[in-house]
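Trainee: The structure follows.
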Amino acid sequence: MFTYHEYEGLMWSCSDKLPVKHLFSGRLGGVGDWPYSTNPDPDWETVENQKRVRALWQTLFRGAEMPERVCLTHQVHGNLVRIVTEADAAFPPLRVLPPDCDGLAVGEKNLPIAVFTADCIPVLLCNKAGTAAAALHCGWKGTAKDMIGSGVAAMRELGVEPEDICAAIGPGISRCCFETGGEVPEAMAALLGADADGCFEPEEGVPGKFMVDLKEVNRRRLLQLGVKAENIDVSGDCTMCDRENRYWSHRATKGVRGTMASFILL
Ligand SMILES: [Zn+2]
């Protein structure tokens, strides 16, 4: 079950399936059009904006009682998960882009890791003993490239077997809004085989279009890899449906948007 939290105009949700500190941020309380931005665009990097970005992150970290440092990604819709250490920690606004990857994993205490999404599906993993965690950015391309498989492999590398993994699939575009061409269901079927049954359906009255449940695809991939159903939580929130009140939606804004961040730490 997910619960909502608010602090000084910011909002986020947490899952009771994850026994360690984590959050899925919403878009409220952001800085102009760029909440949680780490965009190093020179036009953006005015001293004034840097101060506002830093203040925003500080407020979020204070509200969530996290240490003021974080490991971040430069996401490329791939399937690489980096295992990070204290040496990777920084605090926004960043001076240089982090390495390309779509997921992070950590085995050290007190080191927050985060991924960014705005319709794509954020997935957070940890184990009950709290010795390893991962944050994954699962858009349809990353999902098709088995981002979940990379995340589970990283957890294994940190000493955690799939049956001990707890997973929270966060707010993202849901079946109600994720209309695609045939390439997406095809890729999901290639990933899941027969388990893809029911994860998508032809859109009524629109030839060649499908409605796809990307959260369910990621849930089923976790199950295929040995994560237990009772250890998986799925947010019911659709970022596109709830774009007014809670979330950024890449589709709804045609890309003119800020971004949400999903954090986890041990
Ligand atoms: Zn929707």
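The values are calculated or read from the model by the stated rules, or taken from the named source; none is laboratory data. Nothing here was measured: the structure is a model prediction, and the numbers come from that model. No Cβ is skipped: glycine too gets one built from the backbone with ideal geometry, and neighbour counts run over all protein chains shown.
Trainee: Could you check how many residues of region 150-183 are surrounded by fewer than 24 Cβ atoms within 10 Å (Cβ to Cβ), more than 16 Å from the ligand (Cβ to nearest atom) and under 21 Å from Phe116 (Cβ atoms)?
Mentor: 1
Quick grid of which residues meet (1) under 14 Å from the mean Cα position of the chain (by Cα); (2) surrounded by fewer than 18 Cβ atoms within 10 Å (Cβ to Cβ):
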site	(1), (2)
Glu86	no, yes
Phe91	no, yes
Gly103	yes, no
Val106	no, no
Leu111	no, no
Val123	yes, no
Ala132	no, no
Ala135	yes, no
Cys138	yes, no
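Trainee: Among the residues of region 95-110, what is the count of those that are outside any strand (DSSP E or B) and either of a type in the set (Val, Ile, Thr) or under 24 Å from Pro171 (Cβ atoms) (or both)?
Mentor: Total meeting the criteria: 4.
Trainee: How many residues are closer than 28 Å to Cys166 by Cβ, within 13 Å of the ligand (Cβ to nearest atom) and part of a loop (DSSP other than H, G, I, E, B) if we restrict to region 210-244?
Mentor: Counting residues in region 210-244 that are closer than 28 Å to Cys166 by Cβ, within 13 Å of the ligand (Cβ to nearest atom) and part of a loop (DSSP other than H, G, I, E, B) gives 8.
Trainee: Consider region 116-130. How many of its residues are in a strand (DSSP E or B) and closer than 24 Å to Glu179 by Cβ?
Mentor: Result for region 116-130: 5.
For every residue, the table says whether it meets (1) of a type in the set (A, V, I, L, M, F, W, C); (2) at pLDDT 90 or above.
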| residue | (1), (2) |
| --- | --- |
| Asn39 | no, no |
| Val47 | yes, no |
| Ala64 | yes, yes |
| Leu97 | yes, no |
